[in-house]
């Protein structure tokens, strides 16, 4: 029998250690390192059986929106009215969207084996350039909205390859394009944002580009296309709240925006009021007037672009305008974006835990910092805050999220967020990213990329299977918060940006932690109101702040993540975990049902317990070191060379993983049980001894006398 890990880790050569480098030859494995490095083909997986390949998407699999969620359209003639679908996937950015024919097929197979059913096509609105390996974007050049035929052909082929492996695409229209200066004195901000929202010429350029792209890719009525996103992380109201408009809008663009303000003031019969480019120094009344002006410009832009997309692709295509919020280290967006997205048919949000900080030059991969924090350090500003970004009666996805490598607590992200999203009944989770270059099969971790982050790779298919299954009675009862249009304007006038949860606590006495007990949605009405539905769900989600531990799960899963005290059990439903003494003391353990039955009735379970992943330098595994006078930042300091940090992009291998030793206790009514550790090729190692004592299955993992494993198949006989 073949198992989960060949689908996930085949093609990645990894050394597993406690906290020291071991000789490659000492790895205990049922197969050779050469086999681990083989990236050709995928064998059946424990979570996703890909032996015969994923089913190609058909006409009846085209995605539409019904009852506030995504559904397949079905086939009425055959009595198929469609079914609800959730998305679990990854972004591909820049040149990663233009693989060769051979690589595209391998990548599609690989992603399907991971449980990916959607790929977010991101940051292709840039010149193709035509590196010998292939294009980097779809434009002939930055000046004209003219598409490069070879790039379009490559992208079309790849989208079709994904579709043949059961993977949809989410197409992002405006992400990375920067207009060239066409007049003397023009100052164009990075990615031109937010100029196209109000500049007539730039908006017309975007319309031509969008029509051309959607038509050239022949996406109308194609089942491959699931979602369209219009404008990535950009609104005027957000820039105004952050008081960055004076730096972003200069010269003739400022004059143009001022002209639109004068026209707005006249049409709305507003008394003499200076152009409110900056929020600073405005009275409460003037700030509200200014906020309405910028919101209306944003609404006009998104309305226009949504209409264009529907004209080309049809009225039932799911389309979002721009993200409601981006939360984490930097917060963008806010309640005003519910108005901005009024014509969008679904909404989305972004959040990051411990996003990179670049102290000198943005995106300098050899000069970076992280705080090495985790979800539990600020759940209000990440998980809970994101819950308040969901619009009532519309599908909601998190279209970007990450806790990027080399954060040492990265194992917390996927299991914890997956359960939170199931409890909230969200419709999609898309990790940023899988890769943003053509080296998709790289065997070492790098920046945001999933491709070599073994910690997350181990968990990905397990979480995808759990999220996509749509098990009954796992969604919490709804808690709908109604805000009036004026409430949302006042919030923007106060400059809340993306801090939704804290604003609701301060002004409306709504505790952020309600998101652990109820499914949150934001509605619109004449006055503030809260409606709380009743209902029962098996899902639970708890955070013990003093102990720094999440416990979560449902009838079909149980998880624990955080700092676990050595030799002291931590309980989550039927699962108890006792961590062995270790310098780190952090662990994430996820137990899921493999036969779609509740845990208490299941005969097959999967347990994962990965540690932190690191690259290798001359002396052993790479290590984060504290830098800066106040000690709040960490980086990987090079052993030699003159850069402040080791490259996040070119990480020396092999990858190494921290060994997590623990005792597992599963409450069960089974008469007999076996536990089989899986090696990195997914093959079973020798089953080891387990104890059945008083309705409890107990066994050790990764203790000194045991072979290393990060996944365990548990078979129960009842």
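The values are calculated or read from the model by the stated rules, or taken from the named source; none is laboratory data. Quick caveat: nothing in here was measured; it's all calculated off a predicted structure. Cβ sites come from the backbone with ideal geometry, for glycine too, and all protein chains shown count toward neighbours.
If the requirement is being crowded, with 16+ Cβ neighbours inside 10 Å, under 22 Å from residue 121 (Cβ atoms) and either at pLDDT 95 or above or assigned by TED's automatic domain parsing to the domain that holds residue 429 (or both), which of these qualifies: 215, 234? Full working, then the answer.
Details: 215 fails: crowded, with 16+ Cβ neighbours inside 10 Å.
Checking each option against the conditions leaves just 234.
Kindly indicate whether residue 578 is under 25 Å from the mean Cα position of the chain (by Cα) and under 25 Å from residue 715 (Cβ atoms). Spell out how you get there, then give the answer.
On the way: under 25 Å from the mean Cα position of the chain (by Cα): no; under 25 Å from residue 715 (Cβ atoms): yes.
So residue 578 fails the test.
So that you can scan it fast, the table gives a plain yes or no per residue for (1) at pLDDT below 95; (2) assigned to a loop (DSSP other than H, G, I, E, B):
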position: 452; (1), (2): yes, yes
position: 472; (1), (2): no, yes
position: 487; (1), (2): no, no
position: 513; (1), (2): no, no
position: 522; (1), (2): no, no
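With respect to (1) part of a strand (DSSP E or B); (2) in contact with a helix residue (DSSP H, G or I) (Cβ under 8 Å, 6 or more places away or on another chain); (3) farther than 24 Å from residue 98 by Cα, the lone exception for residue 397 is condition (2). Which of (1) assigned to a loop (DSSP other than H, G, I, E, B); (2) out of contact with any helix residue (DSSP H, G or I) (no Cβ under 8 Å at 6 or more places or on another chain); (3) on the phi < 0 side of the Ramachandran plot does residue 243 not meet, given it meets every other one? Status for residue 243: all satisfied but (3). The test for being free of Cβ contacts under 8 Å to residues at least 24 places away in the same chain and within 23 Å of residue 188 (Cα to Cα) holds for residue 300.
Residue 487 meets each of the listed conditions (1) in contact with a helix residue (DSSP H, G or I) (Cβ under 8 Å, 6 or more places away or on another chain); (2) more than 25 Å from residue 538 (Cα to Cα) apart from (1).
Of 663, 613, 635, all but one fail to be surrounded by 15 or more Cβ atoms within 10 Å (Cβ to Cβ) and closer than 21 Å to residue 578 by Cα; the exception is 663. Inspect the range 245-260 for any residue being in the same structural domain as residue 315 (by TED's automatic domain parsing), under 30 Å from residue 164 (Cβ atoms) and crowded, with 16+ Cβ neighbours inside 10 Å and give the result as yes or no. The answer is no, given that none of the residues of the range 245-260 is in the same structural domain as residue 315 (by TED's automatic domain parsing), under 30 Å from residue 164 (Cβ atoms) and crowded, with 16+ Cβ neighbours inside 10 Å. Against the condition touching a strand residue (DSSP E or B) at 6+ places or on another chain (Cβ under 7 Å), surrounded by fewer than 20 Cβ atoms within 10 Å (Cβ to Cβ) and at pLDDT 95 or above, how does residue 578 come out, does it pass? So residue 578 passes the test.
Scanning the range 341-353 for residues that are assigned to a loop (DSSP other than H, G, I, E, B) and either surrounded by fewer than 24 Cβ atoms within 10 Å (Cβ to Cβ) or without any contact (Cβ under 8 Å) to a residue 24 or more places away in the chain (or both) turns up 342, 343, 345. Listed by position, the strands (runs of 3 or more DSSP E) enclosed by the range 52-135 that each have at least 3 residues that are at pLDDT 95 or above and buried (at least 21 other Cβ atoms within 10 Å of the Cβ) are 87-93, 118-122. The set of residues from the range 310-340 being out of contact with any helix residue (DSSP H, G or I) (no Cβ under 7 Å at 6 or more places or on another chain), buried (at least 23 other Cβ atoms within 10 Å of the Cβ) and part of a helix (DSSP H, G or I) comprises just one member, 337.
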